[in-house]
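Here the structure is laid out as structure tokens; the discussion comes afterwards.
The values are calculated or read from the model by the stated rules, or taken from the named source; none is laboratory data. All values reported here derive from a predicted model rather than from experimental measurement. Every residue, glycine among them, receives a Cβ derived from its backbone with ideal geometry; neighbour counts consider all protein chains shown. Just so you know, the surface numbers come from the protein's heavy atoms only, side chains and all, with ligands and any DNA or RNA stripped out. Shrake-Rupley method; radii C 1.70, N 1.55, O 1.52, S 1.80 Å.
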Amino acid sequence: MNNDQKWRKILRDITDDFTRYGYVYLMKHTHETFEMFKQHQNEVQNQLVKTIKMLRSDRGGEYLSLDFDEHLMKCGIISHLTPPGMPQLNGVSKWRNRTLLDMVQSMMCRTNLPHSFWNFALETATRIINLAPTKKVDKMSYEIWHRVKPKVATFLEKELLARGIGDNRVDMDEIQEPQSEPAIQHETVETES
């Protein structure tokens, strides 16, 4: 992450509907959304040989520009806009954004790091969520999206099984810290999907 990104305040989350694998992009202005989407689309097509078939979003103006609409039509991507006042239809992104922000706040309140590390905490939280199994699918989002089991998961799985950890509640109690009341510092962040 370059120094320019430390001042970015707008969070854009793009989540695959089936695998729940997600990407997070930070921007300074909402008008950067179209360029961000084209960058994301190129990465998905070139690196993963996948195509984006549909873009579901709330009726945020950044997804409704004429250029954006023409690009989606040219690429054969269906634009699915949720009805006004129905945020539950865009629930995956709303849940993910809330979870990411909660994780970042939790990480940052337990450290004395400056606010400039907020972006790194966000990237870390995104990676953790992508490596966690979901209720919707039996494997990790990362494993389905990239078609390979992450090396970290393989290592942890072997290491925990070798030590016999994870089979009972006592193990979990041993590794958890006692809860304290952290002072949560709120960041000004738009959470649009």
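Working only within segment 126-148, note down all residues that are assigned to a loop (DSSP other than H, G, I, E, B), among the charged types (D, E, K, R) and either in contact (Cβ under 8 Å) with a residue 40 or more places away in the chain or closer than 23 Å to M27 by Cβ (or both). Listed by number, the list holds a single entry, K136. Looking at segment 31-64, which of its residues are open to solvent by less than 50 Å² (accessible area, probe 1.4 Å) and modelled with pLDDT under 85? Listed by number, the residues that qualify are S57, D58, G60, E62, Y63.
Scan segment 115-132 for residues that are modelled with pLDDT under 85 and touching a Lys or Arg at 6+ places or on another chain (Cβ under 7 Å) and report the count. Final tally of qualifying residues: 1. Highlighted here are the strands (runs of 3 or more DSSP E) found entirely within segment 18-82 that include at least 1 residues which are more than 20 Å from the chain's Cα centre (by Cα) and among the polar types (S, T, N, Q): 78-81. Note on segment 16-25: among residues that are modelled with pLDDT of 85 or more and touching a Lys or Arg at 6+ places or on another chain (Cβ under 8 Å), the one that is least open to solvent (accessible area, probe 1.4 Å) is G22.
Pairs linking a residue in segment 109-125 that is in contact (Cβ under 8 Å) with a residue 12 or more places away in the chain to a residue that is open to solvent by 50 Å² or more (accessible area, probe 1.4 Å) and small (G, A, S), with Cβ atoms under 7 Å and 6 or more positions apart or on different chains, are C109/A183.
Reported count of residues in segment 71-91, each being open to solvent by 40 Å² or more (accessible area, probe 1.4 Å) and either among the polar types (S, T, N, Q) or modelled with pLDDT under 80 (or both), is 8.
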